[in-house]
Amino acid sequence: MTGVIAPLLLRDLALLAGGRRGNPLLPLLFFLAVAMLFPFAVGPDAPLLARTGGGVIWVAALLAAILPLDRLVAPDLEQGCFDQWALRGIAEELVITIRVLAHWLSFGPPLMLAALPASALLGIGGDTLARVELGLLAGTPGLAAIGVLIAALTAGLRGGAALAGLLLIPLAVPLLIFGAGALATGGASGIALCGAISLVLVAIAPFAGGAAVRAAREG
Amino acid sequence: MQACRLAVTDIACQRGDRLLFRGLSFALTSGDALHVAGPNGIGKSSLLRILAGLLRPLAGEVDQGGEIALLDERPALDPHQPLGKALGFWQRLDGPADNEAARLGLAPLRDVPVRFLSTGQKKRAGFARLLGQGAPIWLLDEPLNGLDRDAVTLIETLIGEHCAGGGICIIASHQPIDLPDARRISLGEYQP
């Protein structure tokens, strides 16, 4: 089994983070652009920026996570890779699990780094910044799972992109409520709940995604 | 190569609302080759996908013993990667293989991204992946599409060697293929 995991993970990383499928810098630049433009949109009111900045970072992180949605699963389905893996007895669940991990590695840690300059632009102080970073650490695996799950569900469909937007909202709301909510209440419990939701999503994604890939194959 | 078998009993296939074929039965053992012929849209590709276990038949049973390799119109190689790297990925999954790339004339193309390869070159790259898998049962969907005369001869030789070595090969093709020992099924006869 380990003989399978390493090649798959290396391939996924080369494709997602190595720029073989789209630009890996795009989510990062998008994230920074939002942080840069937001102060211009609401005006240079420092207390207001500091109060809303954490939430903006969260929304930007969420949207950055779903930027590569259309190339997470669909190309492998079209190129017949999933068929070839199935013939070799490699479960779709394993492939999707590895894909979630690779997707998170390609945007999670870079985003947490980019949150540092973003917080400076938004005038967020030290305490809040620490909570934003902790929250992102807890929440981004869930965002990665949502991204891969939606990509798998919509991979075989025409007009999948429109459906992807609709699917994203209910799945992402709990993460945002507790992740961004922890900034307002100041407690660690919000981050803990965000982490719990994240874990549930990471646990569900391989099975739901695997079933979706099999359904797309039969269709 | 280990002994292998592939048998289907009374299978039927439906795609969408259309019944493509029904009542198809055959049994193959080590060394057999089967040419499934028929015009486009008759269900040749669907039959291969049923045999590969990727599609459920509407009725009937598939009994297979032995690993299956499938080659269809998609080479399953990343279009943006150089050919050598794209094939290397499958080699890491399938284990080290003989130097089949050289035999298929792919050695000079190792650094060329897959998306720049011609149809015939992609087909040969798919064959390199197929050979590397080392599976006893080959399912080939239109293997001669886009190949020049020399490549066609080479593919026929490869199939002959595979069967002589105790493998099973099923070729779905509307084109004639020169395999003296191959059985032939015309899928049109099984249309409802």
Residue in segment B:108-115 that is at pLDDT 90 or above, open to solvent by 10 Å² or more (accessible area, probe 1.4 Å), farther than 28 Å from B:Tyr190 by Cα and within 14 Å of chain A (Cβ to nearest Cβ) present: yes
Checklist (1) closer than 28 Å to A:Leu163 by Cα; (2) in a helix (DSSP H, G or I) applied to A:Leu67, failing item: (2)
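Is there a residue in segment A:47-64 that is of a type in the set (Gly, Ala, Ser) and touching a Pro at 6+ places or on another chain (Cβ under 7 Å)? Before the answer, list the steps.
Quick first cut of segment A:47-64, residues of a type in the set (Gly, Ala, Ser) only: A:50, A:53-55, A:60-61, A:64.
Add one more test, that the residue is touching a Pro at 6+ places or on another chain (Cβ under 7 Å), and what stays is A:64.
Within segment A:47-64 (the criterion being of a type in the set (Gly, Ala, Ser) and touching a Pro at 6+ places or on another chain (Cβ under 7 Å)), the answer is yes, since at least one residue qualifies.
A:Leu149: at pLDDT 90 or above and assigned to a helix (DSSP H, G or I), yes or no?
On the way: at pLDDT 90 or above: yes; assigned to a helix (DSSP H, G or I): yes.
When the stated conditions are applied, A:Leu149 passes them.
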In segment B:166-178, the residues that are farther than 18 Å from B:Leu71 by Cα and open to solvent by less than 30 Å² (accessible area, probe 1.4 Å): B:Gly166
Matching entry among A:Leu175, A:Leu171 (being touching a helix residue (DSSP H, G or I) at 6+ places or on another chain (Cβ under 9 Å), assigned to a helix (DSSP H, G or I) and touching a residue at least 40 places away in the same chain (Cβ under 8 Å)): A:Leu175
Residue that is more than 29 Å from A:Leu13 (Cβ to Cβ), open to solvent by 20 Å² or more (accessible area, probe 1.4 Å) and among the acidic types (Asp, Glu), where the choices are B:Glu67, B:Glu73, B:Glu61: B:Glu61
Of all residues making up segment A:129-159, the number that are more than 16 Å from A:Val59 (Cα to Cα) and surrounded by fewer than 20 Cβ atoms within 10 Å (Cβ to Cβ): 5
Count - residues of segment A:87-100 that are without any contact (Cβ under 8 Å) to a residue 12 or more places away in the chain and assigned to a helix (DSSP H, G or I): 1
Residue among A:Leu163, A:Leu122 that is surrounded by fewer than 16 Cβ atoms within 10 Å (Cβ to Cβ) and among the hydrophobic types (A, V, I, L, M, F, W, C): A:Leu163
Qualifying positions in segment A:55-80 - free of Cβ contacts under 8 Å to residues at least 60 places away in the same chain and surrounded by 20 or more Cβ atoms within 10 Å (Cβ to Cβ): A:Ala60, A:Ala64, A:Asp76, A:Gly80
Given (1) open to solvent by 40 Å² or more (accessible area, probe 1.4 Å); (2) without any contact (Cβ under 8 Å) to a residue 24 or more places away in the chain; (3) within 23 Å of the chain's Cα centre (by Cα), index of the condition A:Phe40 fails: (3)
Segment B:72-83 residues that are within 16 Å of B:Gly146 (Cβ to Cβ) and within 8 Å of chain A (Cβ to nearest Cβ), paired with ones that are open to solvent by less than 40 Å² (accessible area, probe 1.4 Å) and of a type in the set (Lys, Arg) (beta carbon under 9 Å, 6 or more apart): B:Pro75/B:Lys123; B:Pro75/B:Arg129; B:Leu77/B:Arg129
Top-ranked residue in segment B:34-62 [being touching a Lys or Arg at 6+ places or on another chain (Cβ under 7 Å) and under 23 Å from B:Gln133 (Cβ atoms); ranked as farthest from the other protein chains (Cβ to nearest Cβ)]: B:His35
Those residues of segment A:74-100 which are of a type in the set (Val, Ile, Thr) and either farther than 23 Å from A:Leu26 by Cα or more than 14 Å from chain B (Cβ to nearest Cβ) (or both), in sequence order: A:Ile90, A:Val95, A:Ile96, A:Thr97, A:Val100
Residues located in segment B:116-132, provided they are basic (Lys, Arg) and either more than 13 Å from chain A (Cβ to nearest Cβ) or touching a Gly at 6+ places or on another chain (Cβ under 8 Å) (or both): B:Lys122, B:Lys123, B:Arg124
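The values are calculated or read from the model by the stated rules, or taken from the named source; none is laboratory data. What you are looking at is a predicted structure, and each value in this text was computed from that prediction instead of being measured. Ideal geometry is used to build each Cβ from the backbone, glycine not excepted, and the neighbour counts take in all protein chains shown. Areas reflect the complete protein model, heavy atoms only, side chains present, ligands, DNA and RNA absent. Shrake-Rupley method; radii C 1.70, N 1.55, O 1.52, S 1.80 Å.
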